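Step one of this worksheet: look at the structure below.
Rule-based calculations on the coordinates, nothing more; no lab input. None of these values were measured; they are calculated from a predicted model. Cβ atoms come from the backbone with ideal geometry, glycine included; neighbour counts cover every protein chain shown.
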Amino acid sequence: MSGIWSAQTKHSTWRKLWLALAESQQELGLNITDAQLDELRSNVENIDFEKAAEYEREVRHDVMAHVHTYKDLCPQAGGIIHLGATSCYVTDNSELIQIRDSLKLIQTRLVQVIDALAGFSEQHRDLPCLGLTHLQPAQPTTVGKRATLWCHDLVLDLQEVEHRLETLRFRGVKGTTGTQATFLSLFEGDHEKVRQLDKLVSAKMGFDQTYPVTGQTYSRKVDAQVLATLSGVGQSAHKAASDLRLLQSWKEIEEPKADKQIGSSAMAYKFNPMRSERICALARFAISLAQNGDQTAAVQWMERTLDDSANRRLSLPQSFLAIDAVLMIYHNVSDGLRVYPKVIEKRLNDVLPFMATEEILMAGVKAGGDRQELHEQVRLHSVESDKQVKEHGREHDLIERLKSDPSFANVDVAAALDARKYIGRAPEQVDEFIADVITPIRDRYTDQLGSNAEELKV
């Protein structure tokens, strides 16, 4: 991702755009020689950034600074560089290329995390654990089913990334205010040649479609939509990483740990969820940048204004870099999660008696008891058992109380304490999710799977 947004990539792409423009203009009849094109072609990657900076300090214009730097290397072709174009021909088109390439990388990262989480879900499809709503004990679920929730969020993000790639277009050759007037003049009023110029340049740069209309720039709604998509990935990752931070606090599941990892400079015993915390930190940063894109799109004036330029040079690469890092860490974490079934079982069993009371109640009614009277006995015993925990620091003794209550004498109370009775279709839901959602993704992206998560040394 750093390479995609590097100065070398950016400015060599500008030169590729100038070359594509000149090649297409020659193909359509303008007086541009093969020697000029060869000169441009041979110097695409040969960028003197110090000289460009010197020019920019003098002319206070980044595009013209690089035009002059390129011209110095291409004395024959210097006069036809940027012919008929406006600055946004290179800036906007190069950014659309960077956005396309970045989205493809994010797409690959997403697929790899989805695949890793799906594998984790399959592995723990039927391991009962305590389900929580309002962060309070609720009906049990399974470790695998919970992981499908994290995974499904990323599936929705993948769909958004795919949609953004499918609908992304090239700005193309549109001119100063988007009217193509300069190119119409170059081709002496030949509208068809201007249309062909737009198509030829776009095809050379890897796009088969351009935005149908633009001002000087492509619509900044495109940026807002891309930043919103990246924010969505951040939201999903933040949610999952927050869950993992809580689970690690309860010692149910832990993120990977390096052999010599230090949790605290003072508290040597600590093992902090530092990777999940970093996911949250970077995700939150990317989420904050989405509003930036919204505001930039909203404040555009007429055919363009320039207060978006410096802003976008920060918000676009920084959001992509942040989410790229988030997904690299997320892949590393999901590929090495440590599960502790005994702790999970203990935490579930601590509250399972309360969850089993309805089962016990129904068994009591089947054995001839009065439903309302049994309900009241369960309520009273639950209150007293809870009091033992909260006021005296003891263990819950609800089951012992129910076993000793004559009202439940004919009920096998212990039989109600099988956690698998309360997980519903969680294991089957995992299986169906894998079959219906994950397998098609794995089939579509076979060539992007199989790589190991990067080993993070930080």
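Assuming 0.36 nm per residue, please report the length gained on full extension of the stretch Glu162 to Arg394 beyond their Cα-Cα distance. It would help to have the intermediate numbers written out before the result.
Working: separation 232, 0.36 × 232 = 83.52 nm, distance 5.41 nm.
So the extension gain works out to 78.1 nm.
Protection proxy ranking for 29-35, 76-82, using the average of other Cβ atoms within 10 Å per residue and placing the highest first: 76-82, 29-35.
Counted as membrane-span-like here are DSSP H helices of the chain whose alpha-carbon atoms extend 18 Å or more along the helix's own axis and whose Kyte-Doolittle mean is 0.0 or above; these are 87-123, 221-249, 274-298, 309-334.
Once you reduce segment 187-259 and segment 39-76 to the center of their Cα atoms, the two points are 29 Å from each other.
In loop segments of segment 199-264 as defined by DSSP, the trypsin sites (Lys or Arg not before Pro) with at most 11 further C-beta atoms inside 10 Å of their C-beta are Lys260.
Extension gain, Thr305 to Met64: 0.36 nm times the residue separation minus the Cα-Cα distance gives 84.9 nm. A simple spin-label model places pseudo-atoms 7 Å from Cα toward Cβ; at Gln8 and Tyr340 they are separated by 4.6 nm. Is the chain rounded, prolate or oblate when judged by the Cα gyration tensor, a ≥ b ≥ c being the square roots of its eigenvalues, rounded requiring a/c under 1.5 and prolate requiring a/b larger than b/c? Since a/c reaches 1.5 and a/b is larger than b/c, the shape of the chain is classed as prolate.
Let me make sure I get this right: for segment 342-422, a, b and c are the square roots of the gyration tensor eigenvalues over alpha carbons, sorted descending. Under 1.5 in a/c it's rounded, otherwise prolate if a/b > b/c, else oblate. Which is it? Spell out each step's value before the answer.
Numbers: a/c = 2.32, a/b = 1.32, b/c = 1.76.
Cα axes put segment 342-422 in the oblate bin.
Order these peptides, 2-9, 171-178, by their mean beta-carbon neighbour count within 10 angstrom, highest first. It would help to have the intermediate numbers written out before the result.
Working: 2-9: 13.5, 171-178: 22.2.
Order by mean packing, descending: 171-178, 2-9.
Cross-link reach is defined here as a Cα-Cα straight distance under 21 Å, omitting same-chain residues fewer than 8 places apart; for Lys145 the lysines meeting it are Lys239, Lys251, Lys342, Lys346, Lys421.
Multiplying the residue separation of Ser242 and Glu122 by 0.36 nm and removing their Cα-Cα distance gives an extension gain of 41.0 nm.
Which residues does a label at Glu54 reach in segment 61-97, if reach means a backbone N under 16 Å from a point 7 Å past the Cα toward the Cβ? Residues passing the 16 Å test: 65-74. The trypsin sites (Lys or Arg not before Pro) found in segment 16-122 that occupy coil by DSSP, while having at most 16 further C-beta atoms within 10 Å, are Arg60.
What FRET efficiency would be calculated for the residue pair Asn46, Leu449, taking the C-beta separation as r and a Förster radius of 25 Å, to the nearest 0.05? The partial results should precede the final answer.
Numbers: r = 38 Å, r/R0 = 1.51.
Once rounded, the FRET efficiency stands at 0.10.
This model, with +1 at the C-beta of Lys and Arg and -1 at the C-beta of Asp and Glu, gives the chain a dipole about its Cα centre of some 620 debye.
Modelled this way, with points 7 Å down the Cα-to-C-beta line, the labels at Gln26 and Glu358 are 7.7 nm from one another. The H on the amide N of Thr142, modeled in the peptide plane, is under 5 Å from the matching H of Cys129, each at least 5 residues off or on a different chain. Cross-link partners of Lys16 among lysines, defined as those whose alpha carbon lies under 27 angstrom from its own and excluding same-chain residues fewer than eight positions apart: Lys51, Lys71, Lys104, Lys174, Lys193, Lys199, Lys204, Lys221. Rounded to the nearest 500, the 222 nm mean residue ellipticity of the chain from helices alone is -20500 deg cm²/dmol, with -39,500 (n - 2.57) taken per DSSP H run of at least 4 residues.
Of the GluC sites (Glu not before Pro) in segment 350-458, the ones in a loop by DSSP (not H, G, I, E or B) with at most 12 other beta carbons within 10 Å are Glu395, Glu454, Glu455.
Placing a pseudo-label 7 Å from each Cα along the Cα-to-Cβ vector at Glu277 and Gln291 gives an inter-label distance of 2.5 nm.
The calculated FRET efficiency for the pair Ala435 and His191, based on their C-beta separation and a Förster distance of 45 Å, comes to about 0.25.
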